[in-house]
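See structure below.
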Amino acid sequence: MKNEHNRSIFLADDDADDCMLFEDALREVCTKTELTTANDGVELIHLMETAVPPPPDVIFLDLNMPRRNGFECLELIKNNLAWKDIPVIIFSTTGQEEMVKRVYETGANYFIRKPGSFPKLKQAIRQVLDTDWSQHTWSLSPENFQYLY
């Protein structure tokens with residue numbers, strides 16, 4: 001993805017404050033984006049079913065959500081032929097090694113532990129948006145996932 005193009009980003013997170021902070025950081029990093037938020041996994045999958053195509057350029061997915069958690073959503077996304085190639089960025093407060101391993105095995109493209117500062121959040125978003133996921137060839141493994149605090 002290139003910064004000069006409009007892009008569609010989905011964010012699934014049940015924490016309203018985290019969503020507002022994410023949106024503020026996103027607007028400072030890249031103004032040419034359309035952010036669609038879901039408050040839980042059921043809402044995210046409903047959005048995917050009604051809004052795709054066109055698919056979002058990237059999905060930021062929290063793990064700990066009510067009704068349908070991030071693991072369940074990730075599995076549904078990666079097992080759906082229409083959605084499986086959409087980059088899914090796990091964006092969670094957890095940093096437990098077994099959780100990271102599990103999301104990797106389920107097909108996540110990247111793991112970002114929610115940063116504790118606004119500048120680090122902007123840095124994480126910028127890094128994701130600057131990545132050309134169609135050309136991303138390094139092996140997906142927990143060692144390549146990012147932890148920002």
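The values are calculated or read from the model by the stated rules, or taken from the named source; none is laboratory data. Just so we're clear, the structure is a prediction, and the values are computed from it rather than from any experiment. Positions of Cβ are generated from backbone atoms using ideal geometry, with glycine treated the same way; all protein chains shown enter the neighbour counts.
In the range 107-133, the residues that are within 18 Å of S8 (Cα to Cα) reach residues that are acidic (D, E) and in a helix (DSSP H, G or I) with C-beta atoms within less than 7 angstrom, at least six apart or across chains, in these pairs: K122/E28.
Just the residues that are surrounded by fewer than 21 Cβ atoms within 10 Å (Cβ to Cβ) and either within 15 Å of the chain's Cα centre (by Cα) or in a helix (DSSP H, G or I) (or both), please, taken from the range 96-111.
Initial filter on the range 96-111 (surrounded by fewer than 21 Cβ atoms within 10 Å (Cβ to Cβ)): 96-99, 101-102, 104-107.
Matches in the range 96-111: E97, E98, M99, K101, R102, Y104, E105, T106, G107.
All conditions in (1) of a type in the set (A, V, I, L, M, F, W, C); (2) at pLDDT 90 or above; (3) farther than 20 Å from R113 by Cα hold for M1, with the sole exception of (2). The residues in the range 35-47 that are outside any loop (DSSP other than H, G, I, E, B) and within 14 Å of the chain's Cα centre (by Cα) can be counted, and the count is 7. Scanning the range 63-85 for any residue that is surrounded by 22 or more Cβ atoms within 10 Å (Cβ to Cβ), free of Cβ contacts under 8 Å to residues at least 60 places away in the same chain and in a loop (DSSP other than H, G, I, E, B) turns up at least one such residue. Criterion first (closer than 18 Å to I9 by Cα and crowded, with 16+ Cβ neighbours inside 10 Å) does F60 satisfy it? Criteria met by F60.
Do we find a residue being closer than 21 Å to D130 by Cβ, at pLDDT below 90 and hydrophobic (A, V, I, L, M, F, W, C) anywhere in the range 6-23? Looking for residues that are closer than 21 Å to D130 by Cβ, at pLDDT below 90 and hydrophobic (A, V, I, L, M, F, W, C), one finds none in the range 6-23, hence no. Taking the numbered list (1) within 14 Å of the chain's Cα centre (by Cα); (2) of a type in the set (V, I, T); (3) surrounded by fewer than 16 Cβ atoms within 10 Å (Cβ to Cβ) in turn, T50 passes all entries but (1). Selection of first residues in the range 15-35 that are touching a residue at least 40 places away in the same chain (Cβ under 8 Å) and of second residues that are crowded, with 19+ Cβ neighbours inside 10 Å and assigned to a loop (DSSP other than H, G, I, E, B), restricted to Cβ pairs under 7 Å at least 6 apart or on distinct chains, gives the following pairs, ordered by first then second residue: D18/K114.
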